[in-house]
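Here's the structure, in structure tokens; my notes come after.
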Amino acid sequence: MTETPEIRVDERAAEPACTVPHPDGPIEATVRSLVARIPPGGSTGWHRHDAWQTGIVARGRLRHRTADAVRHYGPGDVLVEPPFVDHEASNVSDEELVLVFVAVHPEGRPIATPRPAP
């Protein structure tokens, strides 16, 4: 996810919790909890993660786009993102979008990698 002054991501990390499969071979991973706050009309831009992520929309409405699908999520909805999937998330509500998520994040990998739109 591309963090801008309008988009805030607060992060909490646990100790390395597990070994996960990765295209480069098994690697150590940390379970991280994050809170993303996106203003009305804001977008993360196209990006991908090297981590499995599970998120819950706490406030606002989220539009989640991949090359194959567009899905909408509201308060209480759960979003599961597998690693290495290019996507973009937008706040399509008139209030701040708050997305709370947990990522099994491989050590030494960026939280998000910017990607071109498909």
Intensity falloff of the chain expressed as log10 I(q)/I(0), Debye formula with alpha-carbon point scatterers, at q = 0.22 Å⁻¹: -1.30
Vicinal HN-Hα couplings computed from phi for segment 107-114 (Karplus, 6.51 cos²θ - 1.76 cosθ + 1.60; Hz; Gly/Pro x): 4, x, 9, x, 4, 8, 10, x
Extended-chain gain in nm, criterion 0.36 nm per residue less alpha-carbon gap, T30 and A69: 11.2 nm
Accessible area of the chain belonging to carbon and sulfur atoms, whole % at 1.4 Å probe: 54 percent
Gain on full stretching of the segment that runs from V85 to R109 - 0.36 nm per residue minus C-alpha separation: 7.1 nm
Candidates I56, I38, I27, ranked by Gaussian network fluctuation over the chain, Cα under 10 Å, top entry: I27
Solvent-accessible area per residue, Å², over the chain with all protein chains present [probe radius 1.4 Å]: 54 Å²
Contact order relative to length of the chain, as percent, for alpha carbon pairs under 8 angstrom and 6 or more apart: 34 percent
Dipole axis of the chain (+1 Lys, Arg; -1 Asp, Glu on Cβ), positive-most option in L62, I27, V98: L62
Spin-label pair A58/V9, simplified geometry with 7 Å Cα→Cβ offset, distance in nm: 1.6 nm
Heavy atoms of V85 accessible to a 1.4 Å probe, total area in Å² rounded to 10: 50 Å²
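The values are calculated or read from the model by the stated rules, or taken from the named source; none is laboratory data. Values in this document were obtained by computation on a predicted structure and should not be read as measured data. Here Cβ is always computed from backbone atoms with ideal geometry, including for glycine, and neighbour counts include all displayed protein chains. We work out accessible area using only protein heavy atoms, side chains counted, and drop any ligands, DNA or RNA first. Shrake-Rupley method; radii C 1.70, N 1.55, O 1.52, S 1.80 Å.
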